[in-house]
Amino acid sequence: MKRTLFSLLTCAFLLIAASAFAGDIPDMKGTWYCEGTLVAGVERGIYSNPEAKNSLVIEKQEGRVFLGYKEWTLKGKQYSEKLCGGIAVDGEIYIAEHDDGVMHGDLSEDGTKLTVFYVESGPDAKVIELIYIRKQ
């Protein structure tokens, strides 16, 4: 009897834990701000760029996929580019930009900080570390 009760309780616990884990999809919607970046480029080496301010705006999310855009200013001119992304079961964030480049990163446990690496290939290949903070 004790063995059966223990087995039933163990099964119930595992089912509840699996359900809780499966439904734990982070909400990415909102505006995320980045203040400065760290760049590794094949042409320019490694350098910090505190002027590289940009934002991610996630407008729509369904399940583990989302849509939005990135905005930034370069040499006084405003730019915007569409993006789409996804959240893997292990919490990894993947973002593809419309024109070029992809981002891959992690969301903090409290959901307020997004650390991503932007990757772009070509003659001026580069990897950029960006740390975004969600606007409150």
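The values are calculated or read from the model by the stated rules, or taken from the named source; none is laboratory data. All values derive from a computational prediction rather than experimental measurement. Because the Cβ atoms are built from the backbone with ideal geometry, glycine has one as well, and the counts that use them run over all protein chains shown.
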Checklist entry - Hey, among the residues in segment 71-96 that are closer than 18 Å to I25 by Cα and of a type in the set (D, E, K, R), which one's surrounded by the most Cβ atoms within 10 Å (Cβ to Cβ)? => result E92
Item to check | Qualifying positions in segment 104-113 - among the hydrophobic types (A, V, I, L, M, F, W, C) and modelled with pLDDT of 95 or more | outcome: none
Item to check | Of residues in segment 44-70 being at pLDDT 95 or above and either assigned to a loop (DSSP other than H, G, I, E, B) or among the acidic types (D, E) (or both), the one surrounded by the most Cβ atoms within 10 Å (Cβ to Cβ) | outcome: R64
Checklist entry - Considering segment 58-80 alone, what residues qualify as being within 17 Å of Y132 (Cα to Cα) and of a type outside the set (A, V, I, L, M)? => result E59, F66, G68, Y69, K70, E71, W72, T73, S80
Item to check | Residues (touching a residue at least 12 places away in the same chain (Cβ under 8 Å) and of a type outside the set (A, V, I, L, M, F, W, C)) located in segment 89-104 | outcome: G91, E92, E97, H98, D99, D100, G101, H104
